[in-house]
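Engineer: Take a look at the following structure, please.
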Amino acid sequence: MSSLEQRAHYRGSLIAIYQAALKRVEGRISVSNWLKQNPFQGPLRVIAIGKAAQSMLYGAYDVLNDRIDQALIISKQGHIDPTWCRQHGCITHQSAHPIPDESSLQAGRKLLDFIADGSELPLLFLISGGASSLVEMAIDGVGLEDLARVNGWMLGSGLDILQMNTIRKALSRIKGGGLLAFLEQTEVVGLVISDVPGDDPATIGSGLLTPDGDLAERLAALSLPSWLQDKLQRWERPRITMSTSQPRLEIIANLQMALEAAAEYASGMGYRVSRREDFLSGDAADRGKSLAQELLQGPPGIVIWGGETTVALPPNPGQGGRNQHLALAAARELAGAQDCYLLAAGTDGSDGPTEDAGAVVDGGTVARAALHGEKPERAIANADSGRFLEASGDLISTGPTGTNVMDLVIGLRV
């Protein structure tokens, strides 16, 4: 094979492994499989919230169909199938992500109206990552400008998802179990795709259906800027009074399932596979460097990591997300190597505020981008990895994947 053919072949292999992982945790399959094993009797109503809401709703209709009295779907702009929803009589709402805006507050009102309109029927919630931004009802004294400022700061702060959702709960009437105060249904079931370490329902989507008794203590333990500390001290979250018993919550897809599927598929392709059990976290650039070094020093085969890194953004960040940032840092270490490739991508199909899932880099990434005047050091410092990787031709674009179980990094040494 020529060098171009070789790159295309190994790049294709990594993308195929990534896609096999996505298929295992896809919302439609995950929901339909659970419902087939745990059938509902009689009519019910469905609420789907999150980036994977449309896929999960497909799965509910595949099994329940006419038993669904009505459905509400709240998802990210461009993640809803309006024709299908119209044909099935679903109420739809497209909202903002990753920073809430007026559409997020509208989604909160629409959610509570939907719940109040059918209190006599059981409720099936379909929850996936992204719900924290997509639907909101802020506590008294917190305005849209406050929500935007806090969320904007958090996204560039280097805080992990558990810490960010702790702050989000403190500002919300419906998160941290707050939604339970509005539920009068005798039967409430939640099917959840986990996008957090440990699969804790109290953290996924900021815990719409899970009370958080330790919220005040964990909030106090965070190191926050003075302006945010002052606001949190002034804003008082109302005490949650539940009108229903604790809902039944089931994790139907998570990162471990995706990692298992990736390993199985890679093994079936004939590769020697090493799956790392430690959760991938920390600074994206640091981890990209260390993973590349591990790949260079290791034996031939596939290495698979999973988790979610962070990026502390400069004042005026460029284009990209944490997976692209990690991939570019890895590409610097791999520069000149002829036998190593690395894929880093979000399982939801969107890396940070971009429409790309991530990237596949190799020993030629830096040289290809240099032909367009791009320098890796500058791109990393400016959080502009997306522009660099676009120039090198290494970005991955999938569109909405129908799932969200954090990030996958797949390395190959041939």
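Every read-out reported here was derived from the displayed coordinates using simple, explicitly stated rules and does not represent laboratory data. These numbers were taken from a predicted model, which means no experiment stands behind them. Positions of Cβ are generated from backbone atoms using ideal geometry, with glycine treated the same way; all protein chains shown enter the neighbour counts.
Engineer: Which residues in the range 133-177 have a backbone N closer than 17 Å to a point placed 7 Å from the Cα of GLU102 along the Cα-to-Cβ line?
Structural biologist: What the label zone holds, given the 17 Å backbone N cut-off, is 135-138, 143-149.
Engineer: Could I ask something else about it? Mind checking which of ASP351, ASP394, ASP117 has the largest fluctuation in a GNM of the chain, springs on alpha carbons under 10 Å?
Structural biologist: Ranking ASP351, ASP394, ASP117 by mean-square fluctuation puts ASP117 first.
Engineer: Only Cα pairs within less than 10 Å get springs; with that Gaussian network setup on the chain, which residue of TYR18, TYR341, TYR61 has the largest fluctuation?
Structural biologist: Highest fluctuation of the listed residues: TYR61.
Engineer: So which of LYS169/LYS289; LYS169/LYS231; LYS110/LYS231; LYS23/LYS169; LYS51/LYS110 end up more than 24 Å apart by C-alpha?
Structural biologist: LYS169/LYS289; LYS110/LYS231; LYS23/LYS169
Engineer: Report the label-to-label distance for ALA181 and SER290 in nanometres (one decimal), using points 7 Å from each Cα along the Cα→Cβ vector.
Structural biologist: Each label point is offset 7 Å from its Cα along the Cβ direction, giving 4.2 nm.
Engineer: Running a GNM on the chain with Cα contacts under 10 Å, which residue among LYS231, LYS110, LYS169 ends up with the highest mean-square fluctuation?
Structural biologist: Between LYS231, LYS110, LYS169, it is LYS231 that shows the largest mean-square fluctuation.
Engineer: Same structure, new question: On a straight-distance basis, which aspartates and glutamates could pair with LYS375 in a cross-link, Cα separation under 19 angstrom, same-chain partners fewer than 8 positions away excluded?
Structural biologist: By straight Cα distance, LYS375 reaches ASP286, GLU333, ASP362, ASP384, GLU390, ASP394.
Engineer: Here's a follow-up. Which distance in nm do the two modelled labels at ARG272 and ASP230 give, with both placed 7 Å along the Cα-to-Cβ direction?
Structural biologist: 6.0 nm
Engineer: While we're on this one: First measure r as the distance between the Cβ atoms of ASP117 and ASP140, then evaluate 1/(1 + (r/R0)^6) with R0 = 22 Å and state the FRET efficiency to the nearest 0.05.
Structural biologist: With a Förster radius of 22 Å, E is 0.35.
Engineer: Right, another one. If you wrap the chain's Cα atoms in a convex hull and average its projection over all directions, what's the area in nm²?
Structural biologist: For the chain, the mean projected area of the Cα convex hull comes to 20.1 nm².
Engineer: I've got another one for you. Using only the alpha-carbon atoms, how far is helix 144-155 inclined from the longest principal axis of the chain? Give it as 0 to 90 degrees, nearest 10.
Structural biologist: 30 degrees
Engineer: Right, here's the next one. Sum up the charges of everything whose Cβ sits under 15 Å from the Cβ of ALA312, counting Lys and Arg as +1 and Asp and Glu as -1, but leave ALA312 out.
Structural biologist: My count for the surroundings of ALA312 gives -3.
Engineer: Over 5 Å intervals from 0, what percent of Cα-Cα pairs in the range 27-253 sits in each interval?
Structural biologist: Cα pair-distance distribution for the range 27-253, in percent: 1, 7, 16, 20, 21, 16, 10, 6, 3, 1, 0.
Engineer: Which cysteines does the chain leave without a neighbouring Cys Cβ under 4.7 Å?
Structural biologist: Within the chain, the cysteines lacking a partner Cβ under 4.7 Å are CYS340.
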